[in-house]
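Written below as structure tokens is the structure these notes are about.
The values are calculated or read from the model by the stated rules, or taken from the named source; none is laboratory data. All figures in this text were calculated on a predicted structure; none of them were measured in a lab. We place every Cβ from the backbone using ideal geometry, glycine too, and count neighbours over all the protein chains shown. Only protein heavy atoms, including side chains, enter the accessible area calculation; ligands, DNA and RNA are left aside. Shrake-Rupley method; radii C 1.70, N 1.55, O 1.52, S 1.80 Å.
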Amino acid sequence: MNDKLQKLLFQKANARGSLVELSDTWTEMLSHQSYPMPVIKLLGEMTAAVVLLSGSIKFNGSTVMQIHGDGPVRLLVVECSNTMQVRATAKIHEGLPVNDTDTFSSLVNANGKGRCIITLDPHEKIPGQRPYQGIISLEGKTVSEAIENYMKRSEQLDTRIWLAADIKHIRGVMLQRMPAQLDERGVALTDSKEDENAWQHLVALASTLTAKEMLSTDISTLQHRLFWEEGVTVFEPLHPTFRCGCSREKVGNMLKMLGQAEV
């Protein structure tokens, strides 16, 4: 139960927040795969981000994020269900080396042709229903910036995300500015300037975080350090776990469909 997603609601600002930390789940996910450290860091940050996004959506299904890269990393995929079951994978171009100094841009957007795709895939589809999918070009020098730009352009929702990952832990913090509350006449119930100041104050607090601090500090402590004066409503935490839908039977059926010659 060390792995958790903690959701917050701010009483002094028209905003919500969440924090995530994964260690046992992350270790289990990595035990099935072997990636260079820069790819582990990239996939870890993306995993934290998708868990944060999934926890913010009321949706009976899975949130799937894909980054199609044009550098050494060809594909990153993370999926998180509404029951907090998580899986992730990466595909690396065999002909291109991954160096310890590689960044988000050099790994997935070396030629400026990377794409970010977020899909909401319902678990119980009605006839003719298709998953909701948003696709944009990659913008930003980090996973956080790429997702913030996606949310701004595709969802028109102010979102700020701070992420950190290594081989043992992944942690993340997300703030989202909520739409203005209106009365029955359509008039805002709060002052727009006050809302803006309150939002900028929260962003300034979270922006003091460093990756080193995030990786060495549990999210309960981080939450207290950042927001202890902000009048926060704290909800019951959720507990993400690793789960992959693959099985020996599914792989066997796939091989049979390929045929003996292809296998």
Dividing the mean separation of Cα pairs under 8 Å (6+ apart) by the residue count of the chain yields a relative contact order in percent of 27
Residue separation between Thr27 and Ser192 times 0.36 nm, minus their alpha-carbon distance, gives in nm 55.0 nm
In a Gaussian network model of the chain with springs linking alpha carbons closer than 10 Å, the residue among Thr159, Thr25, Thr233 that fluctuates most is Thr233
In debye to the nearest 20, the charge dipole size for the chain, taken about the Cα centre with +1 at each Lys and Arg Cβ and -1 at each Asp and Glu Cβ, equals 580
For segment 41-80 the translational diffusion coefficient, Stokes-Einstein from a Kirkwood Rh over Cα pairs at 10 °C and viscosity 1.306 mPa s, in µm²/s, is roughly 148
With all protein chains present, the chain has a carbon and sulfur share of its accessible area (1.4 Å probe) in percent of 51
Among Cys80, Gln223, Cys244, the residue whose Cα sits farthest towards the positive end of the charge dipole of the chain (+1 at Cβ of Lys and Arg, -1 at Cβ of Asp and Glu, taken about the Cα centre) is Cys244
Taking the chain, the whole-percent share of alpha-carbon pairs separated by over 24 angstrom is 52
Magnitude of the Cβ-charge dipole (Lys and Arg +1, Asp and Glu -1) of segment 74-175 about the Cα centre, nearest 20 debye, reported as 160
The Cα extents of segment 1-43 along the principal axes, largest first and rounded to whole Å, are 45, 24, 9
Only helices counted: for the chain, with every DSSP H run of 4 or more residues adding -39500 (n - 2.57) and the sum spread over all residues, [θ] at 222 nm is -9500 deg cm²/dmol
Here, chymotrypsin sites (Phe, Trp or Tyr not before Pro) of segment 24-110 satisfying both criteria (DSSP loop; at most 15 other Cβ within 10 Å) are Phe59
Exposed-loop cut sites defined as GluC sites (Glu not before Pro) in DSSP loop states with at most 10 other Cβ within 10 angstrom; longest site-free run of the chain spans 1-93
Its Cα gyration tensor gives segment 82-216 an equivalent ellipsoid whose semi-axes in whole Å, largest first, are 31, 23, 16
Averaged over all viewing directions, the convex hull of the alpha carbons in segment 1-153 casts a projected area in nm² of 10.9
Once the in-chain neighbours fewer than 8 apart are removed, the lysines whose Cα is under 21 Å from Lys12 read Lys193
Of the listed links Lys91/Lys212; Lys91/Lys250; Lys4/Lys91; Lys113/Lys152; Lys4/Lys58, those spanning more than 22 angstrom between alpha carbons are Lys91/Lys212; Lys4/Lys91
